[in-house]
Each structure stands twice: as structure tokens, then as C-alpha cells.
1. Suppose we keep only residues that are more than 8 Å from the chain's Cα centre (by Cα) and surrounded by 24 or more Cβ atoms within 10 Å (Cβ to Cβ) within the stretch 189-205. Which one would you say is nearest to residue 100 (Cα to Cα)?
2. Determine whether residue 221 is closer than 19 Å to residue 34 by Cβ, surrounded by fewer than 24 Cβ atoms within 10 Å (Cβ to Cβ) and out of contact with any strand residue (DSSP E or B) (no Cβ under 9 Å at 6 or more places or on another chain).
3. For the stretch 123-158, which positions are farther than 22 Å from residue 191 by Cβ, modelled with pLDDT of 75 or more and not in a helix (DSSP H, G or I)?
4. Select from the stretch 208-218 the residues that are assigned to a loop (DSSP other than H, G, I, E, B) and touching a strand residue (DSSP E or B) at 6+ places or on another chain (Cβ under 7 Å) and list them in ascending order.
5. Would you point out which residue out of 244, 271 is under 19 Å from the mean Cα position of the chain (by Cα) and either over 27 Å from residue 127 (Cβ atoms) or part of a strand (DSSP E or B) (or both)?
6. Among the numbered criteria (1) surrounded by 19 or more Cβ atoms within 10 Å (Cβ to Cβ); (2) touching a strand residue (DSSP E or B) at 6+ places or on another chain (Cβ under 9 Å), which single criterion is violated by residue 258?
7. I'd like to check something: does the stretch 249-265 contain any residue that is modelled with pLDDT under 95, out of contact with any helix residue (DSSP H, G or I) (no Cβ under 9 Å at 6 or more places or on another chain) and more than 30 Å from residue 128 (Cβ to Cβ)?
8. Just a yes or no: is a residue in the stretch 221-236 outside any helix (DSSP H, G or I), free of Cβ contacts under 8 Å to residues at least 40 places away in the same chain and within 30 Å of residue 171 (Cα to Cα)?
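The values are calculated or read from the model by the stated rules, or taken from the named source; none is laboratory data. Note that the structure is a prediction, hence the values are computed from the model and not measured. All Cβ positions, glycine included, derive from the backbone under ideal geometry; neighbour counts span all protein chains shown.
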């Protein structure tokens, strides 16, 4: 005999409500749980178990060998095999009688090829080591109108997390190359790439030093500032909640939670006084949470953008001096002392 009446109806409604809450709560928990995980453990759990690389093309220029690569990392997950794939570009001297330091460089979106061109345009710098520049592990669209972004949010978020793993795979690649001194691998991040470089240097003990060019901390306030200036959100009252939610969804990438893990290796930060994308308070938020040894250098320029050759030259000069001071480079590595000359601003 089945139970009927108001009491039975309430039980059924409660059961239905419980099922709905579970159906909504489990996916919501899976989406938000990384925000409260230890970020080091979070990225360690995403570590590739194997990697491979394919050579797309190779050419010689000014005594340098330049290669276009496709690097892939693989791991087994609950859903099967998970791959991280991205394009990379490598530049190294044709001939070297000494072990070379290795450099992993990450800048803006789709700037890997441009970055290697900047390096090869300075053969005196390019001959100092093996340089690997990266594109992000993301193949989706970059520009959206209105709600077009919604179907791509999961892929974008996953690719952001994979940006840290891409840098670690580039380190794997450098360690696999003959002639590279694995004890002198340096991570260099510029602009957006500075966030991932700091995070990768924090969770990976192999880099000898980490250099952040125009990076910052407190992702929420950075997102809010740039959403306001970019007029990307039609209603201003939505900017703050959107920034808060976005920062929560990618909280494992928050540099202020990780930069302290770089210590006791050197952390070098170059920030711009006139940067309107990463304001001074955000640059300081990052630097203040770094451990020793650390160094902050201010330059009186705007945020580095493509085509700003003078700023790039100044940053190269500063980087060369810093790497000598921290023992990554030796004075004898520089056959032409003028290559690292430059007006160095006071920290």
C-alpha cells in the first residue's frame, strides 16, 4: 500500500530538491574546489608523466640554429589520457664548445614566433644560450562578442592552468638537449607570461632563477581594472562580480600565493612606473610576497607592447646585468662587453 497525503508529497518534494542540489552541487564543487586547494599540489597533480616533441622546421641564420617545434605532455587521468600541446621555437648557436644556459620565455598570446625573432635579431645575445619561446596551449578563438565566450570558458580555464605545465615541459625539453647546462635554466616571463613564469618557477625546483617583466599580483583587482578600461562589460555594475568570480575560478594561478616558493633561488622583477595594465600597487603586491633573494627594478616606461624596441633593449640590458650578478652568466660569456651596456635605473 503506497503512502499518500501531504506528508508523502513533502517527502517527494524534499527528495526531488535533494537530487537537484546534488546534480548542481557536484559540478559546482568540481569547478570551484581548485580555489581552495594548495596551489603547489594542484599543479603537481597536473604534471605530465611523459613528453615528446616534433620538429616542424629548422633553419640557420647568423650562426644560429632556429627550430619550430610542437611539444606535448601526456598523463593519465580519471577521464583517460590528458594531453598538453603547444608550439615552441628554439634558438641556439650552431657551434659551442661550452655548456650553455637555457632560457624559457613566455610573453603574450601567440607571441612565441615574434619573441624568437627578437632574440635572433640580437645574435650577440642569442649566442649566449639556448632559448625556447612558447605559445600558449590554447587553440580556440581569442575574440568574442557578448555571450559567445560562454561555450569556451571551460577550455580557456583549462588552457590557463596548462600554461604552467607548458613551461615545465619546456624545461623538460631543455634538459633533453645536449650542450645545455641544466643547472643554469632561467624562466623569463613578460606581461601575461610573467604570471605563468612565477607560478611555474614556484612549483618546479629546477630553474636556477625566475625573471618577471611587468607582472603583478592580486588577479582580482587587475581583472577589474582592465575590464573597466577595455569597456568589455556593457554594464559597469557587473564588472566587480565578474572579476571576483573569474579570480576565484583561476585562483591557483594567483602569483602572491606562489612566488614565495621560488626562494632560495633568485627572483628578479622588472616593473614599469607608467604601467596602466599592471599598476604599481599590483607590482608591489607580487614583490612583497616574494622570498629572498629578490630584487625589484623600476623603469620609467609604459607597459611593454609589440614594437616597443627601446623598452625591449633596456630590459635586455638589465637582464644581462642581473644574470651576471646572480652567477647565471660569467663575464667571460660576453665576448663583446657592449652587448650588455645600458642605462640601469636604480631599484
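1. Going through the stretch 189-205, the residues more than 8 Å from the chain's Cα centre (by Cα) turn out to be 190-191, 201-205.
Next, only the ones that are surrounded by 24 or more Cβ atoms within 10 Å (Cβ to Cβ) stay: 201-202.
Numbers: 201: 20, 202: 23 Å.
This residue is 201.
2. On the way: closer than 19 Å to residue 34 by Cβ: no; surrounded by fewer than 24 Cβ atoms within 10 Å (Cβ to Cβ): yes; out of contact with any strand residue (DSSP E or B) (no Cβ under 9 Å at 6 or more places or on another chain): yes.
Criteria not met by residue 221.
3. 127, 128, 130
4. Of everything in the stretch 208-218, those that are assigned to a loop (DSSP other than H, G, I, E, B) and touching a strand residue (DSSP E or B) at 6+ places or on another chain (Cβ under 7 Å) turn out to be 208, 214, 215.
5. Only one candidate passes the filter, namely 271.
6. The number of the failed condition is (2).
7. no
8. no
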